[in-house]
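Enquirer: Sending over a structure as structure tokens; questions will come in a sec.
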């Protein structure tokens, strides 16, 4: 699975430690055409699907969960 930047405590801590919290977060948001960072729940939903019987026929797939980051 390929994810974009996800709004996690680690990302927020990094932004705070950079000394440019708001600017850094705004820059990360600007990288995503969706206009926001991803949420951990969104990534978890994809992982849960891939681990479920619903995905039992899937093989050798790459799932992109990045708010359009790589589609630019």
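Enquirer: Limited to the range 32-50, what total is found for residues that are closer than 14 Å to residue 1 by Cα and exposed (fewer than 10 other Cβ atoms within 10 Å of the Cβ)?
Expert: Result for the range 32-50: 0.
Enquirer: Give the number of residues within the range 51-71 that are surrounded by 12 or more Cβ atoms within 10 Å (Cβ to Cβ) and either part of a loop (DSSP other than H, G, I, E, B) or under 16 Å from the mean Cα position of the chain (by Cα) (or both). Don't jump to the end; show me each part of the working.
Expert: First, pick out the residues of the range 51-71 that are surrounded by 12 or more Cβ atoms within 10 Å (Cβ to Cβ): 55, 63-69.
When the remaining residues are screened for being either part of a loop (DSSP other than H, G, I, E, B) or under 16 Å from the mean Cα position of the chain (by Cα) (or both), the result is 63-69.
Qualifying residue count for the region: 7.
Enquirer: Then there is this: Given 34, 15, which one is modelled with pLDDT of 95 or more, part of a loop (DSSP other than H, G, I, E, B) and either more than 30 Å from residue 55 (Cα to Cα) or within 15 Å of the chain's Cα centre (by Cα) (or both)? Spell out how you get there, then give the answer.
Expert: Working: 15 fails: part of a loop (DSSP other than H, G, I, E, B).
Step by step, each of 34, 15 is checked, and only 34 is modelled with pLDDT of 95 or more, part of a loop (DSSP other than H, G, I, E, B) and either more than 30 Å from residue 55 (Cα to Cα) or within 15 Å of the chain's Cα centre (by Cα) (or both).
Enquirer: Is it fair to say residue 29 is part of a helix (DSSP H, G or I), surrounded by 12 or more Cβ atoms within 10 Å (Cβ to Cβ) and in contact with a strand residue (DSSP E or B) (Cβ under 6 Å, 6 or more places away or on another chain)? Please lay out each step first, then the result.
Expert: Working: part of a helix (DSSP H, G or I): yes; surrounded by 12 or more Cβ atoms within 10 Å (Cβ to Cβ): yes; in contact with a strand residue (DSSP E or B) (Cβ under 6 Å, 6 or more places away or on another chain): no.
No: the conditions fail for residue 29.
Enquirer: Tell me yes or no: at least one residue of the range 5-23 is surrounded by fewer than 14 Cβ atoms within 10 Å (Cβ to Cβ), in contact (Cβ under 8 Å) with a residue 12 or more places away in the chain and touching a helix residue (DSSP H, G or I) at 6+ places or on another chain (Cβ under 7 Å).
Expert: Within the range 5-23, not a single residue is surrounded by fewer than 14 Cβ atoms within 10 Å (Cβ to Cβ), in contact (Cβ under 8 Å) with a residue 12 or more places away in the chain and touching a helix residue (DSSP H, G or I) at 6+ places or on another chain (Cβ under 7 Å).
The values are calculated or read from the model by the stated rules, or taken from the named source; none is laboratory data. Remember, predicted model here, so these are calculated numbers, not experimental data. Glycine also receives a Cβ, built like all others from the backbone with ideal geometry; neighbour counts cover every protein chain displayed.
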